Amino acid sequence: MKLKFLFTVIVSFLSFGVWSQTLGVDTIQIESIDIVAPRLQHFSSTEKTVQIDSILIQRYDGKDLSSLLQKTSLVNISSNGAFGALATAGMRGASGTHTSVNWNGIPVNSLTTGSADLSLINAGSFDQVQVIYGAVGSLYGSGTLGGAIELSNKPDWKKKSEIGLSSEIGSFSNYKTKLFGKYSNKSISYSGQAFFQYGKNDFSYTDFHDFGSPTERLNNNENRAFGTIQDLHLKINEHYIDFGVWYQVKEKNIGGLMGIGAPTSYQKQRDSSFKAYVGWKKLIGKFRIEAKSAYLSDYLKYTDRGSATSTGYKIFSEIESRRWLNDVNLRYYFSDKWSVDINGKYNWLKGITNNYDGNIHENESRATLATKYTPLIGTFIFTYAKEWNSEVNPPEMYSFSSLIHLFPTIIDIRSKASTHYKRPTFNERYWNNSGNVDLKSENGWNYELGVVMLSQKALYGDITLDFNVYKARNDDLIAWQPGSGTLWKPINIGKTVIQGVDIEATHFLKVKNNSLRTSLKYAYNDAYNNDKESDNYKKTLAYRPHHIVKFSSDYLFGKWEFGILGTVRSNTNTWEGDQVDGNMLIDLNGGYRFDTNFAKIKLTGRVENLLDESYEIVRFYPMPGRAYYLGLNVIF
C-alpha cells in the first residue's frame, strides 16, 4: 500500500505540474516521429538503450545474433557450441529467460522455454538492433529483469530503390548468401530479404576434460538454415499501416561433448518458425490510436538415434507452439510535453507436444497505464500494469523513471525504480516427469542510477561516457537443477540478489577523410543466492561471470576500413559446482569499398579468435578456434 501511495503522489505531482500548460491549448505540435515510433520506444527514453552500430551489423552480417551481441555489447551469451547451436542472452546477471527479444515490438521468446534462441536470428537481417538494459516489467511484461533486445527494419519515406546481394565464405566450410531489396516513396516503404546458410563446422579443439587434454575434431555438427523476412509500411491519408512476415528453418546436427574419448553424437534438431503481423496507427486530433495483431508458430523436432547402426530413434520429441497476440493502444496528448497512454492486450497461447499430458491452452490479458512528461529539465515516465492469466496470477507492476539534464549538453542523470516478475514457462510447469504446476512466479524490485556524460571535446576528439549502478531483488527464482541420474527439474531456489556496475566510454576522432572510433565497455556483476535457508546461501548463481570487458577500435580512411575487437569474460560456475574458465578473444577485420557504373561494391575480410584460444562457455561444449572469413556485398 505504501508503494501504491508513493506512485500515486508522484503521478499527481507530475499531473499538477503540467495541467496548467494544457488549459486553452487547441493545437499541439506533435512530431511525426513520435506518431510513428513504437510504443515501447516512446516509453523507454529514460532507459539505458544502446543501438548497435550499423558498421558492426554489416561486419557480422553472416553470423547469428548471439555472435554480434557477444562481441559488441555487455550481454552475457550462453552458447552450446556456436555455429547454429542453442544460444541465449542474459543481461546484468539475469538469465536468458529474463531477456525479452522483440521483433517490431512483438515478443519472439519461446512459449515453451521462455528464452529466445539467438542462433535462429541472423545478425544482418535488421537495420536496427537495440539493447535496453533493465527493461521495465510494467511496460514489457513477464521476463525482463535483465533487459530487452529490439529488432526492426525502419521504414524510409524517401524515394529510392535498391537490390543487393551479400555473400560470405569462411573456415569450417561455412558460407552464407543473402538477396535483399528495398523500395520506398512518400507512401510506401518496403524491404525484403531471403537467405541461405550452410556450415560443416568440423573445427578442432583441445579437450580439457579428457586425459592428457588431446586435440579432437568435432563431427556431426553440420548446420543448414534458410528463410525470408518481408516488411511493408504504407502511409495513406495519415494512416500508417504495417505488415511483416518472417519465416525461417534451421536443421542442426548436434555435435558430441568434450570428455573421455572422441566426440560422438547422433542427435539432430530441426527448428521452423513463422511470424506475421499487421499494425495500424493514426493521429486524430490529440489522440494517437494504434492496433496490432500477430500470429506466431514455432516447431521443434529433436531426435537421437543413439548409435550409427540404429534404424530407429532412442529419442523422438516434437514441440509446437502457436500464439495469437493482440494489442490496442490509445494515447492522449495534453500538450507536446505531456501524454497519457492506455494499452490493452489479449494473447491466446497453445502448446502441442507429447512431452505434456495433453495439449496446453492458456489465455492472458493485460492492461497498462503510462504517462510521460518532458519539461525542459528532462523526462519523467510512470507506468502501471496488471496482467491476468488463466493458469497463474501475476502481480501488479509499477515503474517510475527519469532522465534529468543536470547540466544541459554536458551531464544527464538517469534513475529508475520498478517491479518485475516472470511466470513459469510451459516446460517448467507441464514437462512430463520434470515439470511442476505448483511453481511460483518470480517477482521483486530493481533500482538503477546512471550518469551520462554527453559528447564533449577531449583528447583531440569527442568523448562520451555512460556509468550505471543497479540492484535487483528477486523472490522465488526459477532454475533447472540436477536431480536423480540425468534428470533435471525446475524449482524455486528462493531469494536472490543481483547487483553491479556497467561503464561504456566512446571516443571519436575525425581528421579530413580519416576517422577513428574507439569503444571500451566494462561490466561487474554479482548475482547470488540470498536465501538464508538454502545450502547455497551467498553463492554465485550458475554461468554469471563477475567481469565482462569489450574493446573495439575502427579506423576508416577513404574507401578503406580496419578494425580490432576484443572480449574478456571471467570464470563462471555451473549448477553442479564446477568451474568454467574465462577467455579472451580478439578479432581483426578489414574492408574496401568502391563504385562502378552499375553497382556499389564492398569487399570484407575477418579473422575471429586470432589467438586460436580453446574455450567453452557452457561446460563440455567446445567453441571454435581461429577462423577466417571473406565477404562480398553488392548493391545495384
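The values are calculated or read from the model by the stated rules, or taken from the named source; none is laboratory data. Being a predicted model, the structure only gives us computed values, none of them experimental. Cβ coordinates were reconstructed from backbone atoms using ideal geometry, including for glycine residues, and neighbour counts include every protein chain displayed.
Using the structure shown, decide if S519 is within 14 Å of Y460 (Cβ to Cβ), of a type in the set (S, T, Y) and either in a strand (DSSP E or B) or in contact (Cβ under 8 Å) with a residue 40 or more places away in the chain (or both). For S519, the condition - within 14 Å of Y460 (Cβ to Cβ), of a type in the set (S, T, Y) and either in a strand (DSSP E or B) or in contact (Cβ under 8 Å) with a residue 40 or more places away in the chain (or both) - is not met. Only one entry in E318, E362 is loosely packed, with under 15 Cβ neighbours inside 10 Å and not small (G, A, S), namely E318.
What about Y356, is it hydroxyl-bearing (S, T, Y) and in a strand (DSSP E or B)?
Values: hydroxyl-bearing (S, T, Y): yes; in a strand (DSSP E or B): no.
No: the conditions fail for Y356.
Figure legend. Inter-residue proximity from the range 545-556: first residues within 20 Å of G93 (Cα to Cα) and at pLDDT 95 or above, second residues in a loop (DSSP other than H, G, I, E, B) and β-branched (V, I, T), beta-carbon distance below 9 Å, spacing 6+ or different chains. Indicated pairs: I548/V75. Just to be sure, is I241 farther than 26 Å from K600 by Cβ and part of a loop (DSSP other than H, G, I, E, B)? It is false that I241 is farther than 26 Å from K600 by Cβ and part of a loop (DSSP other than H, G, I, E, B).
The rows are residues; the columns are (1) at pLDDT below 95; (2) under 19 Å from T99 (Cβ atoms).
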{"residue": "F400", "(1), (2)": "no, no"}
{"residue": "I410", "(1), (2)": "no, no"}
{"residue": "D438", "(1), (2)": "yes, no"}
{"residue": "V451", "(1), (2)": "no, no"}
{"residue": "L454", "(1), (2)": "no, no"}
{"residue": "K457", "(1), (2)": "yes, no"}
{"residue": "F467", "(1), (2)": "no, no"}
{"residue": "W480", "(1), (2)": "yes, yes"}
{"residue": "A505", "(1), (2)": "no, no"}
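Look at the range 287-301: where a residue is part of a strand (DSSP E or B) and a partner is of a type in the set (S, T, Y), sitting 6+ places away or on another chain with Cβ atoms under 6 Å, you get F287/Y332; A294/Y277; D298/S273; D298/S321; Y299/S272. Restricting S152, S73, S100, S110 to those that are hydroxyl-bearing (S, T, Y) and at pLDDT below 95 reduces the list to S152.
Residues are listed down the side, and each one gets a yes or a no for (1) at negative phi; (2) surrounded by 16 or more Cβ atoms within 10 Å (Cβ to Cβ); (3) touching an Asp or Glu at 6+ places or on another chain (Cβ under 9 Å):
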position: L556; (1), (2), (3): yes, yes, no
position: G563; (1), (2), (3): yes, yes, yes
position: N573; (1), (2), (3): yes, yes, no
position: E576; (1), (2), (3): yes, no, no
position: V580; (1), (2), (3): yes, yes, yes
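Kindly establish whether D327 is part of a strand (DSSP E or B), in contact with a His (Cβ under 9 Å, 6 or more places away or on another chain) and within 22 Å of K282 (Cα to Cα). In short, no.
The one condition from (1) of a type in the set (G, A, S); (2) modelled with pLDDT under 95; (3) over 25 Å from N573 (Cβ atoms) that S418 does not meet is (2). Looking only at the range 178-198, decide whether some residue is at pLDDT 95 or above, assigned to a strand (DSSP E or B) and of a type in the set (K, R). Within the range 178-198 (the criterion being at pLDDT 95 or above, assigned to a strand (DSSP E or B) and of a type in the set (K, R)), the answer is yes, since at least one residue qualifies. Here is the figure for the range 210-251: residues that are among the hydroxyl-bearing types (S, T, Y) and in contact with a Ser or Thr (Cβ under 8 Å, 6 or more places away or on another chain) total 3.
Against the list (1) more than 30 Å from T383 (Cβ to Cβ); (2) surrounded by fewer than 16 Cβ atoms within 10 Å (Cβ to Cβ); (3) β-branched (V, I, T), the condition I284 fails is (1). Out of F400, F407, F380, one residue alone is among the aromatic types (F, W, Y), without any contact (Cβ under 8 Å) to a residue 12 or more places away in the chain and under 30 Å from Q456 (Cα atoms). It is F407. Checking each residue in the range 584-612 for being touching a strand residue (DSSP E or B) at 6+ places or on another chain (Cβ under 9 Å) and more than 19 Å from K63 (Cα to Cα) picks out M584, Y592, R593, F594, D595, A599, K600, I601, L611.
Checked against the criterion of being under 21 Å from T144 (Cβ atoms), of a type in the set (D, E) and in a strand (DSSP E or B), the range 400-419 contains not a single residue that satisfies it.
When N597 is tested against (1) in contact with a Phe, Trp or Tyr (Cβ under 9 Å, 6 or more places away or on another chain); (2) modelled with pLDDT under 95, just one condition goes unmet, and that condition is (1). Looking at the structure I just gave you, is V607 among the hydrophobic types (A, V, I, L, M, F, W, C), under 24 Å from the mean Cα position of the chain (by Cα) and part of a strand (DSSP E or B)? The answer is no for V607.
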